[in-house]
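Notes follow the structure.
The values are calculated or read from the model by the stated rules, or taken from the named source; none is laboratory data. Note that this is a predicted model, so its numbers are computed, not measured. Cβ sites come from the backbone with ideal geometry, for glycine too, and all protein chains shown count toward neighbours. These area figures cover heavy atoms from the full protein model, side chains too; ligands, DNA and RNA do not enter into them. Shrake-Rupley method; radii C 1.70, N 1.55, O 1.52, S 1.80 Å.
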Amino acid sequence: MVTIPIAASTPYDVVIDDQDRWIKTIELSGYPILWVVTDEHVDSLYGNTFRTQLEQVHSHVVWSVVEAGDASKSLTHLEHLVAEGLSHGCDRHSLIVAFGGGMIGDLAGFLASVYMRGVPYIQVPTTILAHDSAVGGKVAVNHPLAKNAIGAFYQPIGVNYNVSRLKSLPVQEVRSGLGELLKHAYLSRYVLETSFEDDLFLALTDVEQIDWVCWLARGIEVKRAIVETDEREQGIRAWLNFGHTFGHALESVETYRMPHGEAVLHGMVFAFLLSGDEVRAKRLFDWMRLTDVTPIDWKPFSYYVDKMVLDKKNHNGSILFVLLRESITVEPVAQELLQRTFEQMKGWWER
C-alpha cells in the first residue's frame, strides 16, 4: 500500500492498494447516505461485490448507473442523476462515491460540485487512466461543441485505488491509461528531481509484469507536484495538457470512438513534432505501432482545426500548445505549421 498526501485547498490522501481497506472507515464517517455513481460496464464487473462491501458497513447506499462511454458526460445525464439523488433523499450531507474510470470521476465529481451547492465525494478509480483524472479536482461534463467545456475545480476528500481491478481491463484500456502515464513520465524531468521516462519505456517491454502500485504512484507524484503548486491552473498546471490540444480535437472528430489516453498518445506525437523533437516523437510513434494503438480515421485538416480553436487553453483567438523543449512553454502555433505537422504525422501512419 502507498499513501500520497495531496496538499490542496482541501487536503486529502491518495491510497493505492490491492484491496478496499478504506471501506472499514465509512461506518464511522457520519455520512447518512452513500451515493455511488458508476457505469454499466463497471457495475457488471464489480457492482455486486462492491455494493455488498458497502452495505456491510452502511445502512443506506444509493446506486446510480449510467451508460459506459464519454457520451454519458453530459448535462442530460447530470440532470437524470440529480433527479435520482432527490428521489432517494440524498441531501447535502451525503457522500458521493465515484466508482469507475475517468468519465465517471469527471461526471460524479461535477455532480458533487453542483448538487445542493456542493457535497463531498471520493474517487474510487477502476482504470489506469484515472490515476490522472482522479487527482487534482478537475471535474466536468462535455458540451456538443467541446470536451470538458462545462466544469469546475472541486477537490475530492479522498482517492482510493484498488489495483486488483486493473486485471480485468481490456488491452485498449491499458494502452489508454499508459497514455497519461507516459505524459507524466515526459513531464517528470521538469517537476521531479529525476526523470523516469527511460525507466517506463523499459518497463513497457513487458506490460504484463508491471507493478501498478509503483508506477501509478510515480505518475501521481508528478500530478501532485504540479497541482500543489498551481491548483486552479493559473500557471504550470497547464503543462498537464501536454498532448491534449490535438488529442481532445481527435476525440471529438472521432466521436469518442477512440479512448482518451490513446488520443493523448497521438496528441503527444503531434506536440513533439511541433516542438522540433522528432527523436522522441518517433520513439513514441514506434511504441504505439508496436502495441497496436488505435489508428486515426483521417479527416481533412479543417475538421481538427475547428475543434482545436475551441480548446480551453486558447487566448485571443490563438491555438495554444504545450511544447516540451529545454523548458516547457505554452505558446500559440500558426495554422500553417499545424497543417504541416498534421501532414507529416499522417504520412508516418500511412507508410
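On C-alpha positions alone, give me the angle between the axis of helix 171-191 and the longest principal axis of the chain, in degrees, nearest 10. The angle comes out near 70 degrees.
A run of the chain free of exposed loop cleavage sites, with GluC sites (Glu not before Pro) counted only in DSSP states other than H, G, I, E and B and at most 13 other beta carbons within 10 Å, reaches its longest extent at 194-325.
Using the 1.4 Å probe convention, the accessible area of the chain works out to 43 Å² per residue with neighbouring protein chains retained. Expressed as an acute angle from 0 to 90° and rounded to the nearest 10, what is the orientation of the C-alpha long axis of helix 212-229 relative to the principal long axis of the chain? It is inclined by approximately 80 degrees. All Cα-Cα distances of the chain, cut into 20 Å bins from zero to the largest, leave 31, 58, 10, 0 percent in each bin in turn.
Here the Debye sum runs over all C-alpha atoms of the stretch 120-265 as equal scatterers in vacuum, and log10 of I(q)/I(0) at q = 0.16 Å⁻¹ comes out as -0.91.
Restricting the calculation to Cα atoms, the stretch 235-347 yields a radius of gyration followed by a Dmax of 13.0, 40 Å. For the stretch 1-141, the antiparallel share of DSSP beta bridges with both residues in that region comes to about 25%. Hey, can you grab everything whose amide H is under 5 Å from the amide H of HIS143? Only 5+ residues off in sequence or another chain; H modelled, so Pro and N-termini drop out. When sequence neighbours closer than 5 places are left aside, the close amide H contacts are ASN148, ALA149, ILE150.
Electrostatic bookkeeping for LEU273 treats Lys and Arg as +1 and Asp and Glu as -1; over the other residues with beta carbon under 12 Å from its beta carbon, the sum is +1. Can you send over the carbon and sulfur percentage of the accessible area for the stretch 11-98, probe radius 1.4 Å, protein chains only? For the stretch 11-98, the apolar C and S fraction of the accessible surface comes to 50 percent.
Show me the trypsin sites (Lys or Arg not before Pro) within the stretch 164-246 that DSSP assigns to loop and that have at most 14 other Cβ atoms within 10 Å of their Cβ.
ARG232
Charge dipole (Cα centre; +1 on Lys/Arg Cβ, -1 on Asp/Glu Cβ; no other charges) of the chain amounts to roughly 500 debye.
Relative to the longest principal axis of the Cα atoms of the chain, helix 335-350 runs at roughly 90 degrees.
Only helical runs count toward this figure. For the chain, summing -39,500 (n - 2.57) over DSSP H runs of n ≥ 4 and dividing by all residues gives -13000 deg cm²/dmol at 222 nm. Whole-percent P(r), the stretch 114-193, all Cα pairs, 5 Å bins from 0: 3, 12, 17, 20, 22, 17, 8, 2, 0. Distance between the 7 Å Cα→Cβ label points at ASP211 and TRP349: 3.6 nm.
When the listed pairs LYS223/LYS312; LYS167/LYS313; LYS73/LYS313; LYS167/LYS282; LYS223/LYS282 are checked against a 27 Å cut-off, the alpha-carbon distance exceeds it for LYS167/LYS313; LYS167/LYS282.
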